[in-house]
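Engineer: Quick one: the structure is below, and I'll ask about it shortly.
The values are calculated or read from the model by the stated rules, or taken from the named source; none is laboratory data. Source: prediction; values computed, not measured. No Cβ is skipped: glycine too gets one built from the backbone with ideal geometry, and neighbour counts run over all protein chains shown. Heavy atoms of the whole protein, side chains included, go into the accessibility calculation; ligands, DNA and RNA do not. Shrake-Rupley method; radii C 1.70, N 1.55, O 1.52, S 1.80 Å.
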Amino acid sequence: MIRDIFNSDHVRTVVTVAEIGSVSKAAKALGMSQPWVSQQLRKIEDELGRTLFRRNAHHMTITPDGEAFLAFARAMLSIGDAARRHFLEPRPDGPLRIGLVEGVARTLLMRVLGIFSRQFPQFAFDIVCAPSHRLFADLDEGRHDIVISPAPPGAMRGHLLHQFPLVWIGAAGEQLPVSDPVPLVLPAAPDTLREIAFGTLGDAGRHWRIAVQSDSLAAIEAAVAAGLGVSLTVRSVLLHEAVILDGTSGLPNLPMRSLTIDHAAGDSGTEALCHLLRSTFAQVIADRLLDMR
């Protein structure tokens, strides 16, 4: 819809490209990939039915329609920046307390913090990595302001950020196909990955045994890489030693895993920050998916 193209991400993209005159340099300034920026520009132009930029091999030239859009865009950004400065002063009670799972810290956190801190440099952060069940319990008890984690078993908390495909991982020299009982390397209970592994293998009529369990993603990957068993993780997690197992493993297909963001109840300031972080995560996830194509 037309109103969707006037969100702050699209507006800032157009302004940055217009001021720099290059998609690649604008992408670097925005902290995003060039394909993502190009895709956003095409989406805006398609929705408007207008050409905002004339493109050649080395430069982007703004059109009259682009100049008109730019005037509105700069006004919107100016109002938005003024509102943020007014309402998002440094927290008097300390840093923003964020709880997240280790997989998010490995894959998304660096880009999210980079973008967020450039827009809101006044914030400090207190970041804790823990299993999802512990994060949500600590959020309910007031120990975190915001939690980014897979959805807890049997419930959907907060807002859905994205659904990621799960994959089986094993040692580089894993003997395939994997025979029963399937040796599993899993997070300690309670954990949604355990339930997914047991349910998926059970539905396929497979038998399994627990070879290793740990709350540490690094320890799980080390055990898998050492050949003690197989595990499951989202495809986007950066693996240092373990490898993704393909169809020759004989293991059943895995479902998608939902990543959610939730905030402390009854705090309007934290709710606003949660919305800003959610938008930043959405940018980074879209950028990462483009990079993985």
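Engineer: Taking 0.36 nm per residue of separation and subtracting the Cα-Cα distance, what length does fully extending Ala272 through Arg209 add?
Structural biologist: Contour length minus Cα-Cα distance gives 18.2 nm.
Engineer: Give me the dipole magnitude in Debye, nearest 20, for the chain about the Cα centre, with unit charges on the beta carbon: positive for Lys and Arg, negative for Asp and Glu.
Structural biologist: Here the chain has a charge dipole of around 800 debye.
Engineer: What is the list of residues in segment 234-254 whose amide nitrogen lies under 16 Å from a point 7 angstrom out from the Cα of Ala172, following Cα to Cβ?
Structural biologist: 239-245
Engineer: Right, another one. I'd like the FRET efficiency for Gln163 and Leu48, computed as 1/(1 + (r/R0)^6) with the beta carbon distance as r and R0 of 35 Å, rounded to 0.05.
Structural biologist: Efficiency for this residue pair is about 0.70.
Engineer: In the chain, what is the volume of the convex hull around the alpha carbon atoms, normalised per residue and reported in Å³?
Structural biologist: Cα convex hull per residue, to the nearest whole number: 154 Å³.
Engineer: With an 8 Å Cα cut-off and a minimum separation of 6 or more residues, compute the relative contact order for the chain in percent.
Structural biologist: Relative contact order of the chain: 20 percent.
Engineer: Express the accessible area of the chain per residue in Å², computed with a 1.4 Å probe while the remaining protein chains stay in the model.
Structural biologist: Per residue, the chain has 50 Å² of solvent-accessible surface.
Engineer: Sort 36-48, 203-215 by packing, meaning the average of other beta carbons within 10 Å per residue, with the highest value first.
Structural biologist: Ranking the peptides 36-48, 203-215 by packing returns 36-48, 203-215.
Engineer: Relative to the first principal axis of the alpha-carbon coordinates of the chain, what is the inclination of helix 268-291, with its axis defined by its Cα atoms, in degrees from 0 to 90 and to the nearest 10?
Structural biologist: With rounding to tens, the tilt is 80 degrees.
Engineer: Which order, highest average first, do 28-34, 226-232 follow once you tally other Cβ atoms within 10 Å for each residue and take the mean per peptide?
Structural biologist: The densest-packed peptide leads the list: 226-232, 28-34.
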